[in-house]
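Novice: Dropping a structure here in structure tokens format, bear with me for questions.
The values are calculated or read from the model by the stated rules, or taken from the named source; none is laboratory data. Just so it is clear, the model here is predicted, and its values are computed rather than measured. Please note: Cβ atoms are built from the backbone with ideal geometry, for glycine as well, and neighbour counts cover all protein chains shown.
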Amino acid sequence: MQALDKLLENASRQLARRTSRRGVLGMLGQLLVGAALVPLLPIDRSGRAHAASPQAAAQDPTRCEYWKYCAIDGYLCSCCGGSSHACPPGTAPSPVTWVGTCHNPADRRDYIVSYNDCCGKTSCGDCECNRNEREKPMYRPSRNNDLNWCMANAESNYHCTVSVILDVAQK
Ligand code: ABN
């Protein structure tokens, strides 16, 4: 223990010999000024601005907020190797679908959209999206999105959902 005390004493004395009080105060001053300037440094906030923009999200097919997905319930095929309107390779669209009417803010028109399930592979699991605008109860199946429409296919595994524009909605 004495040896450790001696070692520490020597190290402290050497440090004291090499540093002046003025030098230590100078260093502390520099640290304080540096810390005070950190909040003034420029920070790239463009990512946050993009994430916060509902207009950008409404035109991005990989986002649940995309305008065409207003009545969807499922995994977005655009995140699963397909696109917003095309099933991924190795899957087939369900011929039976449910339909919704979505407003496109870009041209201010309403569109009739068919939501087809893509079948033949296990659940994609990415980009789950559950929006239910104007959805009707299950006893009106063509307006209900909570059904596995792959049940009508030879391969009834559900993988993901696409949204296909059928027509412009009449006023
Ligand atoms: N139509 C999408 C879906 C598939 C399976 C179960 C519920 C909903």
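Novice: Return the residues of the range 144-171 that are more than 26 Å from the chain's Cα centre (by Cα), surrounded by fewer than 16 Cβ atoms within 10 Å (Cβ to Cβ) and within 15 Å of the ligand (Cβ to nearest atom); say none if nothing qualifies.
Specialist: Residues satisfying the conditions are MET151, ALA152, GLU155, SER156.
Novice: Yes or no: CYS102 crowded, with 17+ Cβ neighbours inside 10 Å and part of a loop (DSSP other than H, G, I, E, B)? Reasoning before the result, please.
Specialist: On the way: crowded, with 17+ Cβ neighbours inside 10 Å: yes; part of a loop (DSSP other than H, G, I, E, B): no.
Taking the combined requirement at face value, the residue does not satisfy it.
Novice: Among the residues of the range 59-93, what is the count of those that are among the polar types (S, T, N, Q), closer than 30 Å to LYS171 by Cβ and within 16 Å of the ligand (Cβ to nearest atom)?
Specialist: As a first pass, look at the range 59-93 and keep what is among the polar types (S, T, N, Q): 59, 62, 78, 83-84, 91.
Filter again for closer than 30 Å to LYS171 by Cβ, leaving 59, 78, 83-84.
Still in the running and within 16 Å of the ligand (Cβ to nearest atom): 78, 84.
Matching residues across the range 59-93 total 2.
Novice: Filter the range 132-164 down to residues that are modelled with pLDDT of 95 or more and in contact with a helix residue (DSSP H, G or I) (Cβ under 7 Å, 6 or more places away or on another chain) and give me whichever is farthest from TYR75 (Cα to Cα).
Specialist: For the range 132-164, the residue satisfying everything is SER156.
Novice: Looking only at the range 117-143, filter to residues that are within 12 Å of the ligand (Cβ to nearest atom) and of a type in the set (Asp, Glu); which one of those is surrounded by the most Cβ atoms within 10 Å (Cβ to Cβ)?
Specialist: ASP117
Novice: Only residues that are in contact (Cβ under 8 Å) with a residue 24 or more places away in the chain, of a type in the set (Gly, Ala, Ser) and either under 15 Å from TYR111 (Cβ atoms) or assigned to a loop (DSSP other than H, G, I, E, B) (or both): list them for the range 122-171, please.
Specialist: Correct list: SER123, GLY125, SER156, SER163, ALA169.
Novice: Only one of (1) touching a Leu at 6+ places or on another chain (Cβ under 8 Å); (2) surrounded by 22 or more Cβ atoms within 10 Å (Cβ to Cβ) is not met by CYS77, so which one is it?
Specialist: (1)
Novice: Do we have ARG109 as over 25 Å from the mean Cα position of the chain (by Cα) and in contact (Cβ under 8 Å) with a residue 60 or more places away in the chain here? Break it down stepwise before answering.
Specialist: Numbers: over 25 Å from the mean Cα position of the chain (by Cα): yes; in contact (Cβ under 8 Å) with a residue 60 or more places away in the chain: yes.
Yes, satisfied.
Novice: Right, ALA71: within 21 Å of the chain's Cα centre (by Cα) and crowded, with 19+ Cβ neighbours inside 10 Å or not? Steps first, please.
Specialist: Values: within 21 Å of the chain's Cα centre (by Cα): yes; crowded, with 19+ Cβ neighbours inside 10 Å: yes.
When the stated conditions are applied, ALA71 passes them.
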